[in-house]
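Structure first, commentary second.
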Amino acid sequence: MEPWQDINKLEKYRRKFGIRSAYANMNGKIWAFVDEYIDVDILMNMEQQMTLKLFHRNLSKELYVTLVYAKYDIIERIELWDSMYHLASYMESPWLVGGDFNVILSGEEKYGPLLVYLSEVEDFAHCVDTCALYDLGFKGSLYTWWNGRSNIDCIFKRLNRFFANQHFLDLFPTLKVEHMIKYGSYHAPLLLSCNIDTVQVKKPFKFLNFWTKHETFLKVVKENWETFGDIFKQIAALEDVIKVHEIEFELNPTAQNTAKLHKVEADLTRYYHLEEEFWRQKAGV
C-alpha cells in the first residue's frame, strides 16, 4: 500500500469501482476506500497510522483495521510503536494491521549493501510480539521495495506487510496475501484476500432496445467486440511476465535485466491506457 497524493485520482478510482467513500489520515499519506456494506468510525488519526473501527453489516461483525505508513527514522517510529501498544492494550475484536513499516523483521528480508541495524529490527519485533500480532505471510517475491538501482548499488527489502490478531484469523481463516508487481512504483502493492465462503451472485446482462438509437452505438459495439475483448487477457499475461522479470532482476540485478523489466512495463502501460479508455467509454454509454 502506498500513499495516494492525487485527490483527482482518488475520486476516479472511487467512481470506477463503486466505492462509497474514502478516508485519509491527518497528513494525507494514508487512504482507505470503503464500500457500501461497511460503517466506519476513525478511531486514531496520526501521521504514521490511521485506525478504523468498522462494522460489516453483512457479517454483523465489528473489526478494526490499522493502516500504516511509518517514518524512515528509528526515533520517529517510536510514536508509531507506542500507538500500537495502546491499541493492543484493550483490543478484544478482530484486528488487521498493514502497510509500509519502513523496517524489516530479519536480515533475510534485505538484499544489497548497507548494514541492518539490530536496534530498529528489535523495536519492530518487540511491538509485533507485545501486540500479539501474527505475520500473514505472502505469495510472490520476498521483497516489496526496491531502491531503483542496479548492480552493486541495488537494494531490496520487505517493508510492506500484513499482520492480524487471533480474533481476525478466526473470523477469516482463509486469509491470503499476494505481493503484486512493482509497476509504476518502487513498492509492490499487497493484495489481501479474506473470503468467507460466500457465493457471489452474478447479475444477468440486460440489453435495452433504445441503446441502438444512440448515434455512437455501432461504433461502441465494434470497438468493444473486436478490440477490448483481448485487452484484459493481455494485461493479465503482461503482469505475469513482469513477475518473472522481477524475480530475474532480484536474483541478478544488472542493468540489462533492468532494461528488460522496463520494456515489459512500458507495454503494460500502453494496455492500461486502453483499459482506462474502455471503462471511460463504457461509463459514458
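The values are calculated or read from the model by the stated rules, or taken from the named source; none is laboratory data. Keep in mind that this is a model prediction, so the values were computed, not measured. Heads up, the Cβs are rebuilt from the backbone with ideal geometry, glycines too, and the neighbour counts pull from every protein chain shown. For the accessible areas, the whole protein counts, side chains as well, though only heavy atoms, and no ligand, DNA or RNA atoms are used. Shrake-Rupley method; radii C 1.70, N 1.55, O 1.52, S 1.80 Å.
A few comments on the model shown:
- Residues in the range 169-211 that are among the hydroxyl-bearing types (Ser, Thr, Tyr) and either at pLDDT below 90 or farther than 23 Å from Ile235 by Cβ (or both): Thr174, Tyr183, Ser185, Tyr186, Thr198.
- Within the range 31-57, being assigned to a loop (DSSP other than H, G, I, E, B) and at pLDDT 95 or above holds for Met46, Glu47, Gln48.
- Any hit, the range 128-149, residues being in contact with a Cys (Cβ under 9 Å, 6 or more places away or on another chain), in contact (Cβ under 8 Å) with a residue 40 or more places away in the chain and closer than 28 Å to Asn257 by Cα: yes
- Residue within the range 58-73 that is open to solvent by 80 Å² or more (accessible area, probe 1.4 Å), at pLDDT 95 or above and not aromatic (Phe, Trp, Tyr) present: no
- Residue, nearest to the chain's Cα centre (by Cα), within the range 61-79, restricted to residues that are in contact (Cβ under 8 Å) with a residue 40 or more places away in the chain and more than 26 Å from Asp170 (Cβ to Cβ): Tyr69
- Single match in Lys233, Lys222, Lys263 (criterion: open to solvent by 40 Å² or more (accessible area, probe 1.4 Å) and either at pLDDT 75 or above or among the small types (Gly, Ala, Ser) (or both)): Lys263
- Residue in the range 74-87 that is farthest from Pro189 (Cα to Cα), counting only those that are open to solvent by 30 Å² or more (accessible area, probe 1.4 Å) and part of a helix (DSSP H, G or I): His86
- The lone criterion from (1) open to solvent by less than 60 Å² (accessible area, probe 1.4 Å); (2) more than 23 Å from the chain's Cα centre (by Cα) left unmet by Leu114 is number (1).
- Considering the range 54-78, and only residues there that are touching a Pro at 6+ places or on another chain (Cβ under 8 Å) and of a type in the set (Ser, Thr, Tyr), the residue that is farthest from Ala164 (Cα to Cα) turns out to be Tyr69.
- Checklist (1) touching a helix residue (DSSP H, G or I) at 6+ places or on another chain (Cβ under 7 Å); (2) exposed (fewer than 11 other Cβ atoms within 10 Å of the Cβ) applied to His273, failing item: (1)
- Hits in the range 151-167 (condition: free of Cβ contacts under 8 Å to residues at least 60 places away in the same chain and either charged (D, E, K, R) or open to solvent by 60 Å² or more (accessible area, probe 1.4 Å) (or both)): Ile152, Asp153, Lys157, Arg158, Gln166
- Leu115 being of a type outside the set (Val, Ile, Thr) and assigned to a loop (DSSP other than H, G, I, E, B): yes
- Answer from Gly140, Gly98, Gly107, Gly148 - the residue that is surrounded by 13 or more Cβ atoms within 10 Å (Cβ to Cβ) and modelled with pLDDT under 95: Gly140
- Single residue of the range 117-134 satisfying the filter (open to solvent by less than 50 Å² (accessible area, probe 1.4 Å) and of a type outside the set (A, V, I, L, M)) that is nearest to the chain's Cα centre (by Cα): Phe124
- Within the set Ser106, Ser89, the sole residue that is within 23 Å of Leu43 (Cα to Cα), small (Gly, Ala, Ser) and out of contact with any Phe, Trp or Tyr (no Cβ under 9 Å at 6 or more places or on another chain) turns out to be Ser89.
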